[in-house]
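Input: a single structure, listed below in structure tokens.
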Amino acid sequence: MANMTVFGSQWGDEGKGKIVDLLSSEVQCVVRYQGGNNAGHTVIVNGQKYVLHVIPSGILHDGILCVISNGVVLDPFVFLTEIDNLNAKNIDTSPKRLFVSPKTHLIMPYHKVLDSARENMKSDGKIGTTGRGIGPCYEDKMARIGVRAGDLSDPNLVRQKIEIALKEKNALFKGLYNVDEMSVEEVFKEVMSIADRLLPYVQDTTELLYSLHKQGKSALFEGAQGVMLDIDHGTYPFVTSSNTICNNASVGSGFPSEYINEHIAIVKAYTTRVGAGPFPTELFDETGDFLREKGGEYGATTGRTRRCGWFDACVLRECYRICKPTTFALTKLDVLGGLDEIKICVAYSCEGKTLSYPPESAAGLAKCEPIFESMPGWKEDISSCSKWEELPENARKYVEKLEELIGVKAGFVSVGPDRNQTIRR
Ligand code: GDP
Ligand code: IMO
Ligand code: MG
């Protein structure tokens, strides 16, 4: 059985959680390798809704091992709350099946304060972050002053690291952002209060993944966010602070890329974006409202309204040339039902030129006008279709058009949020 990545191809919220949950029964281990609780992955199983922020979506399948690896930034308080919520629904989250790498960086209380303070201070150019401290935590990781999960077994080291971090942060809080300074002792106490609960989960996950591989077991690497939110390849600076592309699964987990042979891009049948930044196919009319209402496009993490627009082939070409997915899962096709006409952006017009790919800068992308092709819609409700042949002809034609534009076949077509509402091809 193959090792695979499942990752977002657009601006996040493509339905990764649903597809990860679906495929979890075919692997022995599911790994989150980047991002943190900025993610919100909604999974619906037999009408019961689960929203996962840091724990891999594989947790809903009995016996599947779940790993939070080195590339993730982990808010320990959110992690423990998520465990409590899952336990309340009788999901096993014991340290026998859920593991955190000792190298995983912890989101500290001051990271959240800094994230919000920075956003609040901007009048122009707000990114619209989730406010979860993601960027500041990755900054400290790169500045080599971060606190890692494994550090919790050494309280003196944790105190020292907090002291170093707060020296800088407090200068900013007081001198620049005008927010309350934080006390080393209070932060230390707060963080150490969860050490006894967190430490049993901390294990060498590089070794775990390696030994599972040697036993012939397979792993699924669950991406968060999407290609256009990647720190290097997305619409910088309107991006998140990690590499969201599937290629990072190896670095973010310590598992050789050579062993990962399938890359499944999750592609929403239209486009959404939360937060600020250019979005050429955005709809400001009643069709945008239709997609938002029918698609339930409200953020699972912050509850914010998601901006909605037509499918953008330039974005998917970019995903293809960076990630080379082996297949894709098309999600939310059911949401398009009822529209007379469905538009697809096949290229951009930008300052007299026709472009097939997004320009490298956000300012450049903001100048792009979409060039649309139009396809006829369908009126039928497709949410109970379980076979490709059952889809209305125009829905099949739409999928085939996207396959042609993306350059790879759709292995899955999702027609509703439930695990069972998926057509496999
Ligand atoms: P993720 O962050 O990529 O996991 O996506 P989210 O969970 O944030 O957002 C996707 C939303 O669409 C969730 O509420 C899912 O339950 C829902 N969803 C997933 N696939 C489908 C689908 O094919 N049709 C419909 N109608 N909803 C879907
Ligand atoms: P999932 O995994 C959609 C967006 C935020 C903001 C930008 C930076 O559910 O697809 P951050 O808090 O990461 O510094 O915010 O990234 N963002 C997401 N948008 N889905 C997500 O995750 C996102 N995670 C971050 O809205 O624009
Ligand atoms: Mg989401």
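The values are calculated or read from the model by the stated rules, or taken from the named source; none is laboratory data. The structure displayed is predicted, hence computed values, not measured ones. Because the Cβ atoms are built from the backbone with ideal geometry, glycine has one as well, and the counts that use them run over all protein chains shown. Accessible surface areas use protein heavy atoms only, side chains included; no ligands, DNA or RNA. Shrake-Rupley method; radii C 1.70, N 1.55, O 1.52, S 1.80 Å.
At a 1.4 Å probe radius, carbon and sulfur cover how many percent of the accessible area of region 254-332?
Within region 254-332, the accessible surface is 49 percent carbon and sulfur.
Let me see the P(r) profile for region 297-405: every Cα-Cα distance counted, bins of 10 Å, each bin given as a percent of all pairs.
Result, from short to long distances: 12, 36, 37, 13, 1 percent.
DSSP loop trypsin sites (Lys or Arg not before Pro) in region 332-403 with at most 15 other Cβ atoms within 10 Å of their Cβ, which ones?
Working: sites: 332, 343, 353, 367, 379, 387, 396, 397, 401; in loops: 332, 367, 379, 387.
When the trypsin sites (Lys or Arg not before Pro) of region 332-403 are filtered for loop state and at most 15 Cβ neighbours within 10 Å, 367, 379, 387 remain.
Averaged per residue, what accessible area in Å² does the chain show with a 1.4 Å probe, protein chains only?
Computed with neighbouring chains in place, this is 41 Å² per residue.
How long is the gain from residue 196 to residue 119 if the chain were fully straight, where each residue apart is worth 0.36 nm and the alpha carbon distance is subtracted?
Difference between extended and current length: 24.4 nm.
Using only helices, what value at 222 nm comes out for the chain when you add -39,500 (n - 2.57) per DSSP H run of length 4 or more and divide by the total residues, to the nearest 500 deg cm²/dmol?
Here the helix-only value at 222 nm equals -9000 deg cm²/dmol.
May I have the pair-distance distribution P(r) for region 295-337, computed from all Cα-Cα distances with 5 Å bins from 0 and rounded to whole percent?
5, 15, 20, 21, 21, 16, 2
What is region 104-227 by shape, rounded, prolate or oblate, if you read a ≥ b ≥ c off the alpha carbon gyration tensor as root eigenvalues and call it rounded for a/c under 1.5, prolate for a/b larger than b/c, and oblate otherwise?
Verdict is oblate for region 104-227.
Taking the convex hull of the Cα atoms, report for region 205-256 its projected area averaged over all directions, in nm².
On the way: hull surface 14.5 nm².
Its average projected convex-hull area is 3.6 nm².
Which trypsin sites (Lys or Arg not before Pro) from region 116-181 combine a DSSP loop assignment with at most 12 other Cβ atoms within 10 Å?
Here the sparse-neighbourhood loop sites are 122, 144.
Projected onto the charge dipole of region 3-149 (+1 at Lys/Arg Cβ, -1 at Asp/Glu Cβ, origin at the Cα centre), which of 113, 98, 59 gives the Cα projection farthest towards the positive end?
113
Apply the Karplus curve 6.51 cos²θ - 1.76 cosθ + 1.60, θ = phi - 60°, to the phi angles in region 100-106 and return the couplings in whole Hz, x for Gly and Pro.
10, 5, x, 8, 5, 7, 8
Name the long-range amide H neighbours of residue 297: under 5 Å, sequence gap of 5 or more, or other chain; modelled H, no Pro or chain starts.
Placed amide hydrogens put nothing under 5 Å from residue 297.
Going by Cα centres, region 135-178 and region 204-264 are how many Å apart?
26
Report the convex hull volume per residue for region 150-291, counting only C-alpha atoms, in Å³.
In region 150-291, the Cα convex hull volume per residue is 206 Å³.
Among the listed pairs 353/409; 18/268; 294/379, which are separated by more than 18 Å between their Cα atoms? Provide the component values of the computation, followed by the final result.
Numbers: 353/409 29 Å; 18/268 12 Å; 294/379 14 Å.
Flagged as over cut-off: 353/409.
How big is the C-alpha Rg of region 154-219 next to the rule-of-thumb value 2.2 N^0.38 Å, as a ratio?
1.71
Kindly give Rg over Rh for region 122-192, based on alpha-carbon atoms, with the Kirkwood expression for the hydrodynamic radius.
The Rg/Rh ratio comes out at 1.00.
Among all the aspartates and glutamates, which ones have a C-alpha under 15 Å from residue 397's C-alpha, if same-chain residues fewer than 8 places away are not counted?
Leaving aside aspartates and glutamates fewer than 8 places away in the same chain, those within reach of residue 397 are 334, 340, 341, 373, 380, 389.
Kindly write out, for region 143-160 in residue order, the coupling ³J(HN,Hα) from the Karplus curve 6.51 cos²θ - 1.76 cosθ + 1.60 (θ = phi - 60°), rounded to whole Hz, with x marking Gly and Pro.
7, 6, 10, x, 9, 9, 3, x, 5, 4, 7, 10, x, 5, 5, 4, 4, 4
Highest GNM mean-square fluctuation, the chain, Cα pairs closer than 10 Å: which of 154, 21, 115?
Most flexible of the set in this elastic network: 154.
I need the calculated FRET efficiency for the pair residue 232 and residue 367, taking r as the beta carbon distance and R₀ as 22 Å, to the nearest 0.05.
For R0 = 22 Å, the calculated efficiency reads 0.55.
Hey, with R₀ at 35 Å, roughly what FRET efficiency would residue 302 and residue 261 work out to, going by the Cβ-Cβ distance, to 0.05?
FRET efficiency, residue 302 to residue 261: 0.50.
Using modelled amide H (1.01 Å from N, peptide plane; none on Pro or chain starts), what sits under 5 Å from the amide H of residue 263, excluding residues fewer than 5 places away?
Answer set, sorted by chain and number: 5, 326, 327.
Compute the normalised compactness of region 353-404: alpha-carbon radius of gyration over 2.2 N^0.38 Å, N being the residue count.
Working: Rg = 16.3 Å, N = 52, 2.2 N^0.38 = 9.9 Å.
So the Cα radius of gyration is 1.65 times the expected 2.2 N^0.38 Å.
Starting from the Kirkwood Rh over alpha-carbon pairs, what translational D in µm² s⁻¹ does region 314-368 have by Stokes-Einstein at 25 °C and 0.890 mPa s? Before the final figure, lay out each step's value.
Details: Rh = 13.4 Å.
Here the translational diffusion coefficient equals 183 µm²/s.
Could you check how much of the accessible area of region 46-129 is carbon and sulfur, as a whole percent, using a 1.4 Å probe? List each step's numbers first, then the result.
Numbers: 1600 of 3220 Å².
Whole-percent figure for carbon plus sulfur exposure: 50.
Please report, to one decimal in angstroms, the Kirkwood hydrodynamic radius of the chain built from all distinct Cα-Cα pairs.
It is 22.1 Å.
Which whole-number value in Å³ per residue fits the convex hull of the alpha carbons of region 1-122? Kindly include the intermediate steps, with their values, before the conclusion.
On the way: hull volume 15.5 nm³, N = 122.
In region 1-122, the Cα hull volume divided by residue count equals 127 Å³.
What longest range of the chain stays clear of loop-exposed GluC sites (Glu not before Pro) (DSSP non-H/G/I/E/B, at most 16 other C-beta within 10 angstrom)?
182-350
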